[in-house]
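Encoded as structure tokens, the structure appears first; notes follow it.
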Amino acid sequence: MTPSSRHQKKVTVRAGDSLWLLAHQHGDTVKQLVKWNHLASAKVPLHIGQKIVVQAPSSASKKAS
């Protein structure tokens, strides 16, 4: 299941980013990112400038940050 468009956010991959790091930063799992972005596996390399769908943080997690 993809995050609803209301909670969906796209981030741009930067140097040093990994699926694990992006998942950790946005409260997702690597497995979710692989599924939402139609990646073959978690081992697929990310490219600088690539757009990745993540779950936008809820207002509660924004306050905790």
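The values are calculated or read from the model by the stated rules, or taken from the named source; none is laboratory data. Note that the structure is predicted; figures quoted are calculated from it, not measured. No Cβ is skipped: glycine too gets one built from the backbone with ideal geometry, and neighbour counts run over all protein chains shown.
Selection over the stretch 28-49 of residues that are in a loop (DSSP other than H, G, I, E, B) and surrounded by 14 or more Cβ atoms within 10 Å (Cβ to Cβ) gives a count of 6.
In the stretch 51-60 there is at least one residue that is modelled with pLDDT under 95 and surrounded by fewer than 10 Cβ atoms within 10 Å (Cβ to Cβ). The residue that is surrounded by the fewest Cβ atoms within 10 Å (Cβ to Cβ), counting only those in the stretch 7-23 that are assigned to a loop (DSSP other than H, G, I, E, B) and either in contact (Cβ under 8 Å) with a residue 60 or more places away in the chain or hydrophobic (A, V, I, L, M, F, W, C) (or both), is Ala15. Within the stretch 25-56, being basic (Lys, Arg) and under 11 Å from Lys10 (Cα atoms) holds for one residue alone: Lys51.
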